[in-house]
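**Student:** Input: one structure, supplied below.
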Amino acid sequence: MSAQAPVKRITVPQIAARKGDTPIVALTAYTAPMAAMVDAHAEVILVGDSLGMVIHGLPSTIGVTLDMMILHGQAVMRGSARAMVVIDMPFGSYEESPQQAFRNASRIMSETGAGAVKLEGGARMADTIAFLTSRGIPVMGHVGLTPQSTLTMGGFRTQGRDQATWPAHVADAQAVEQAGAFSLVVEGVMEPLADQITQAIAIPTIGIGASARCDGQILVLDDMLGLSGRVPRFVQKFGDLGPRAEQAIADYARAVRDRSFPGPDQTYR
């Protein structure tokens, strides 16, 4: 009997080819067990710098380090086998120069085995994206609401409310495409603007708080499962695990205190 063929990971060209086709399913994951659950259902797993808030309790993504991203990226790679894993480049790891970005991106790729990196910014990051892609590092772009720039944006503000700003957002998306990115996250923008961006570029758009007509969608897994507190308006809770987990913890505490746990089935005699 022949051995079962190993599962092959989804590749950058396969994701790029999904433009205008079946929508791309993408979710975040930060740990091996969660990655294993997502792997069978998503084409892309993003190890997002949102892990700073979701896992580490930071107030924003600004304090996330390169070492943190690599550590969680390694865990997600171990937990998954099929989905393409993309890892966020954290704040301060790529903005200084294309050379700095390459050093840190190559470290992410070599130490995790991930399929690509993601970085924020439109036209201002085009030279850096081109520098990376020309040297063999696949890049997923990110425009619209860019969480690493919320200090200059004045918070998590929806982009494109003023239609006069739309051409600049579209130009950002086109600059990212022309620099060689294989896909583009479009976050927190007005729906008509997201549609315009999707039509203006030949690479897939992955929406979050954007439009159902993007070429794919992504959510933070913990938000979608109801494990977070307050979530953005664009999040739909497909599960409500938070209250169930809290109840399970309360039941355990009660059983410990009334000495009903451990019982006969949990002890060795």
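**Student:** Considering only protein heavy atoms and a probe of 1.4 Å, how much of the accessible area of the chain is carbon and sulfur, as a whole percent? Write out the running numbers ahead of the final one.
**Tutor:** On the way: 7620 of 13740 Å².
Ligands and nucleic acids excluded, carbon and sulfur reach 55 percent.
**Student:** Separate question: With a 10 Å cut-off between alpha carbons and a GNM built on the chain, which of Gly229, Gly216, Gly115 moves the most?
**Tutor:** Top of the fluctuation ranking is Gly229.
**Student:** Top to bottom by accessible area (1.4 Å), largest first, where do Ser134, Ser211 land?
**Tutor:** On the way: Ser134 80, Ser211 5 Å².
These residues rank, largest area first, as Ser134, Ser211.
**Student:** In degrees, nearest 10, range 0 to 90: what is the angle between the Cα axis of helix 166-178 and the longest Cα principal axis of the chain?
**Tutor:** 80 degrees
**Student:** I've got another one for you. Taking mean projected area of the Cα convex hull in nm² as the quantity of interest, determine which of [x] 18.8; [y] 12.7; [z] 15.3 was computed from the displayed structure.
**Tutor:** It is the value labelled [x].
**Student:** What ranking of His142, His169, His56 comes out by heavy-atom accessible area, probe 1.4 Å, highest first?
**Tutor:** His56, His169, His142
**Student:** Karplus couplings for the stretch 192-197 from phi (6.51 cos²θ - 1.76 cosθ + 1.60, θ = phi - 60°), rounded to Hz, Gly and Pro as x?
**Tutor:** Once rounded to whole Hz, the list reads x, 5, 4, 5, 5, 4.
**Student:** Using unit Cβ charges (K, R positive; D, E negative) and no other charged atoms, how large, in debye to the nearest 20, is the dipole of the chain about its Cα centre? Working shown, then result.
**Tutor:** On the way: 22 positive and 25 negative charges, 113 e Å.
Computed about the Cα centre, the dipole is about 540 debye.
**Student:** Also: What is the angle, in °, between the Cα long axis of helix 98-112 and the longest principal axis of the Cα atoms in the chain? Nearest 10 is fine, range 0 to 90.
**Tutor:** Computed tilt is about 30 degrees.
**Student:** In what sequence, largest accessible area first, do Lys8, Lys19, Lys237 appear using a 1.4 Å probe? Walk me through the intermediate numbers first.
**Tutor:** Values: Lys8 175, Lys19 55, Lys237 95 Å².
Correct descending sequence by accessible area is Lys8, Lys237, Lys19.
**Student:** Using Cα atoms only, what is the angle between the long axis of helix 241-257 and the major principal axis of the chain, expressed in degrees (0 to 90) to the nearest 10?
**Tutor:** Taking Cα atoms only, the helix is inclined about 30 degrees.
**Student:** Report the GluC sites (Glu not before Pro) located in the stretch 37-108 that are in a DSSP loop and have at most 12 other Cβ atoms inside 10 Å of their Cβ, or state none.
**Tutor:** Details: sites: Glu43, Glu95, Glu96; in loops: Glu43, Glu95, Glu96.
Sparse-neighbourhood loop GluC sites (Glu not before Pro): Glu96.
The values are calculated or read from the model by the stated rules, or taken from the named source; none is laboratory data. Just so you know, these numbers come straight off a predicted model, no measurement behind them. As a convention, Cβ positions derive from the backbone with ideal geometry for all residues, glycine included, and neighbour counts pool all protein chains shown. The area values use the complete protein model at the heavy-atom level, side chains included, leaving out ligands, DNA and RNA. Shrake-Rupley method; radii C 1.70, N 1.55, O 1.52, S 1.80 Å.
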